[in-house]
Structure formats: structure tokens, C-alpha cells
Amino acid sequence: MTPIDGAAIPLTPKAPVDGGGGVSGVERAGAGAAFGEVLESVAAKTNERLNAAQAAGEAFAAGARDDIHGTMLALSQAEIQLKFAGNVRNKIVDAFYELWRMQI
């Protein structure tokens, strides 16, 4: 049976490249490093946004800035990004504990 728009879907799995039944060690290390870099960049961006929002709030409180809309927008964006980063962290920790409890 073929799909409507093209060729048939192969039903047999492809053989692994390294012959060991999984992903090679080089590919695993690269994927882990890439994931770590993504987490680092997200944490750095969140920290930058928090620092910018804090500076905007302090400038508004000191009277150096009179843009209340921009200040509130910066503070709201920083709060949303911080909550998102916290939720991602919680999901990662939950996934770790789920894997830890898994019986092999």
C-alpha cells in the first residue's frame, strides 16, 4: 500500500551505522554538548533580560526614566522568561527522576 502523495513507506528498520545497535559515542557526546550549550544560552539570555529589567525599574524609581509602559513591559517580559526557565528546569529534573526510578 502506498501513501496518497508518493512512494511506499519501508517497513524494515535500517541497520545502525556503528553496528552496535545504537548511536555511536561521538554522536551521543555531540548531542549532549549541544543540549548543554542550548541550556547555557537560555540561562544567559534569561539573566540578561532580568538584569535589563532590574536596571529599567531602578532607573524609573530614581526618576531617570519616565517611560512607565516600557518599564512595565521589560519587567513583565523578564518575569515570563524567568517562569519559563523555571518550568523547563522542573521538567528536566522530573525527567531525570523518572529515568532514575526506571527499573532495567
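Here, each number is a calculation from the coordinates, and none is a lab measurement. Please read these numbers as outputs of a predicted model, since none were measured by experiment. Positions of Cβ are generated from backbone atoms using ideal geometry, with glycine treated the same way; all protein chains shown enter the neighbour counts.
Numbers for the structure displayed
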{"item": "Cα-centre dipole for segment 27-101 with unit charges at Cβ (Lys and Arg positive, Asp and Glu negative), debye to 20", "result": "220 debye"}
{"item": "Integer Hz, Karplus 6.51/-1.76/1.60 couplings in order for segment 87-104, x for Gly and Pro", "result": "5, 5, 4, 5, 5, 5, 5, 4, 5, 4, 5, 5, 5, 5, 7, 5, 8, 9"}
{"item": "For ARG65, residues with placed amide H under 5 Å, excluding near neighbours", "result": "PHE60"}
{"item": "In Hz, Karplus ³J(HN,Hα) per residue of segment 32-49 (6.51, -1.76, 1.60; θ = phi - 60°; x = Gly, Pro)", "result": "x, 5, 5, 5, x, 5, 5, 5, 4, 5, 5, 5, 5, 5, 5, 5, 4, 5"}
{"item": "Whole-angstrom Cα spans of segment 27-101 along principal axes, big to small", "result": "52, 25, 15"}
{"item": "For MET72, MET102, order by how many other beta-carbon atoms lie within 10 Å, fewest first", "result": "MET102, MET72"}
